[in-house]
1. With unit charges on the beta carbon (Lys/Arg positive, Asp/Glu negative), name the residue among ALA120, LEU326, LEU226 whose Cα is farthest towards the positive pole of the charge dipole of the chain.
2. How long are the semi-axes of the equivalent ellipsoid of the stretch 71-117, taking √(5λ) for every eigenvalue λ of the Cα gyration tensor, in whole Å from largest down?
3. How compact and how long is the stretch 10-83, expressed as Rg and Dmax of its alpha-carbon atoms in Å?
4. Could you list, bin by bin from short to long, the percent of Cα-Cα pairs of the stretch 53-307 in 10 Å steps?
5. If you plug each phi of the stretch 333-348 into the Karplus form 6.51 cos²θ - 1.76 cosθ + 1.60 with θ = phi - 60°, what whole-Hz ³J(HN,Hα) values come out, in order, with x for Gly and Pro?
6. For the stretch 35-110 and the stretch 171-197, what is the centre-to-centre distance using only Cα atoms, to the nearest Å?
7. List the extent of the Cα atoms of the stretch 288-364 along each of their three principal axes, largest first, rounded to whole Å.
8. Once you keep just the Cα pairs under 8 angstrom separated by 6 or more residues, what percentage relative contact order results for the stretch 53-307?
Amino acid sequence: MIKINENYLKLQSSYLFSEIAKRVAAFQERHPDTRLIKLGIGDVTHPLPPACVQAFHRAVDEMGRAETFKGYGPEQGYPFLREKIAAEDFQARGADIAADEVFISDGSKCDTGNIQELFATDIKLAIPDPVYPVYLDTNVMAGRTGPFKDGRYGGVVYLESTAANGFVPALPKEPIDLIYLCFPNNPTGATISRAALAEWVAFARDTQALILFDAAYEVFIRDDSLPHSIYEIPGAREVAIEFRSFSKTAGFTGTRCAYTVVPKTCRAFDVEGQPRLLHGLWYRRHTTKFNGVSYPVQRAAEAVYTPEGRRQIRGLVDGYLKNAALVRQVMTDLGLAVVGGENSPYVWVDTTRDSWEFFDLLLQKAGVVCTPGAGFGRCGRSYIRISAFNSLENVTDAMERVRRALA
Ligand SMILES: *Cc1c(COP(=O)(O)O)cnc(C)c1O
């Protein structure tokens, strides 16, 4: 008899985005003339930077000629891209990361899920609340969370991010083996200081834990005091794996390119308590189950590091941050407390009431779609996430409507 993986039965239905879609569709049916403005999605809206498009085109042409055609590439990624990443994203910031510690992939979503294959099932997990749902659901699938009861999984330690702790969770009081951190954060938009990140690194070193650091929104950091990478913290190489993506950096959500850094000195422990290096294990996993990102996509990603690419991305991100500043301004003027939006495309707004109630209010009164915080965890129940991924025109229009609706 073929049996299923029972862990899949513990998954909660992804109620959030289907419920939003349902409410939006019902509203639109009753008000067919209202032009809805969507500030709910976590997807970019501006097209690829021209430098990336040109590099993409050139590489496609190479694939069409016998002399320059390429078949399977190196599974870990082409050296031309890994070397740029190591030099520009890490070494230039004083982080000691080499090109062969970088693994190119088709997304951080997949990487944050796949990486857990390296770890035992009976480990203690710490996951943020509110959270990017992928961290939680992939661990449910792997059988690490225990059953779902009263809104939470019994086997998970929830790292609560609240106004009281400045949206940076406190160190756990109990032993933890695997810790997920995401800064700048999705959904809160909060950032972590160098000192606070150093405390997490020290905690992981002291307790033989490992940190999975998701820096998908690194490009939005404008405050020079903030760390861009966990490897800017001394001692992090042994205790942290970092995830980066070109999705939010350069509009690659539909093009697909990301990377994971596993330093050669990063360790976990075997049943005898002996340290084992994770680089070789991830190399084995990656090269066995993945055949590499396409050559033209890697060339397009490489163009991110050219002077034109950098300039274009700067402009793109400036545009999103301008939208975020506008959202912050209007929400603050309306008397609501906000976090995020300064080094992040997300603004997390304390609505002081039920997040679905506020979602309905914005939808009905302003024709603006946001994301109710309850969908990201218990700590989001009174919050909404407003995304800056839209045109300035739409965000300006949306904020004008919200101002009128809530005045
Ligand atoms: C968008 C996002 C990613 C990137 O995912 P890709 O699969 O690379 O597109 C990773 N982490 C978080 C928290 C995100 O919001």
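The values are calculated or read from the model by the stated rules, or taken from the named source; none is laboratory data. Just so you know, these numbers come straight off a predicted model, no measurement behind them. Note that we place each Cβ from the backbone using ideal geometry, even for glycine, and neighbour counts take in every protein chain shown. Just the protein is used for accessible areas: all its heavy atoms, side chains included, with ligands, DNA and RNA removed. Shrake-Rupley method; radii C 1.70, N 1.55, O 1.52, S 1.80 Å.
1. Working it through, the farthest residue towards the positive pole turns out to be LEU326.
2. The answer is 20, 15, 8 Å, longest axis first.
3. In order Rg, Dmax, the Cα atoms of the stretch 10-83 give 21.7, 59 Å.
4. 7, 31, 36, 19, 6, 1, 0
5. These are the phi-based 3J(HN,Hα) values: 4, 7, x, 9, 7, 10, 9, x, x, 9, 10, 6, x, 10, 10, 10 Hz.
6. Centre-to-centre distance over Cα atoms comes out at 26 Å.
7. The principal-axis extents, from largest down, are 49, 34, 21 Å.
8. Working: 455 pairs, mean separation 64.2, N = 255.
Rounded, it is 25 percent for the stretch 53-307.
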